[in-house]
Amino acid sequence: GENVEQHPSTLSVQEGDSAVIKCTYSDSASNYFPWYKQELGKGPQLIIDIRSNVGEKKDQRIAVTLNKTAKHFSLHITETQPEDSAVYFCAATTHNDYKLSFGAGTTVTVRA
Amino acid sequence: NAGVTQTPKFQVLKTGQSMTLQCAQDMNHEYMSWYRQDPGMGLRLIHYSVGAGITDQGEVPNGYNVSRSTTEDFPLRLLSAAPSQTSVYFCASSYGGTGVSYEQYFGPGTRLTVT
């Protein structure tokens, strides 16, 4: 099955700086890569996603890049704010949208 | 819309007890799933359903049963609770669709402790 690895496990950044989280996947057939944000005591919420026919996608301060050849994708958060502090998960799916394989998560702390 | 709702929010069980975690959605989503979240392991798929009357196993199905009699509800049953089932459980739903990926909406979670 699909194996998704996520790094780093924790990330502390100064407010206003950028944060980058990287994920690698094992199955070259994976074609959908969502990123979820989980705030304390809540369920994960989709923040951005990318499909295999696109190399980069941006939504305000958040961007995701995909390198299909190297089988890795990354989340970039610019101008970080305290409300960006949360756990972020990457995921990948091979066959369809039913079976998402998640990374282990990255705890991001934005220091004021 | 209430979205995806889960009950209870917290539960403590003794080893060997059984219980049902409830999940409901009011978005008319065909696809529903159950995940467990453990520290350092992300979310792992337990069972999923692509529509009423259809269920299938995910990555970690042992010790859990599901059924899908209606589009709205997807309960998760623990047959005989074990300490290894101590975890946070999330239910999710999406429009689904073969070959097309839709956003999965997650519920608030149920924190289960088995002693």
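Nothing in this text is a laboratory measurement; each read-out follows from the coordinates by a stated rule. Just so we're clear, the structure is a prediction, and the values are computed from it rather than from any experiment. Every residue, glycine as well, gets a Cβ built from its backbone with ideal geometry; the counts of neighbours run over all protein chains shown.
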Between B:Thr15, B:Thr71, B:Thr55, find the one with the highest GNM mean-square fluctuation for chain B; connect C-alpha pairs within less than 10 Å.
-> B:Thr15
Given charges of +1 on the Cβ of Lys and Arg and -1 on the Cβ of Asp and Glu, with all other atoms neutral, how large is the dipole of the protein assembly as shown about its Cα centre, in debye to the nearest 20?
-> 420
For chain B, calculate the relative contact order in percent as a whole number, restricting contacts to Cα pairs under 8 Å that are 6 or more residues apart.
-> 35
Chain A, relative contact order [Cα under 8 Å, separation at least 6], % = 37
Considering the convex hull of the alpha carbon atoms of segment A:63-112, report its projected area averaged over all viewing directions, in nm², one decimal.
-> 4.5
Taking the protein assembly as shown, how much of its Cα-Cα pair set, in percent, is spaced more than 26 angstrom apart?
-> 37
Could you list log10 I(q)/I(0) for chain A at q = 0.11, 0.16, 0.17, 0.19 Å⁻¹, which the Debye formula gives when each Cα is one point scatterer?
-> -0.31, -0.66, -0.75, -0.93
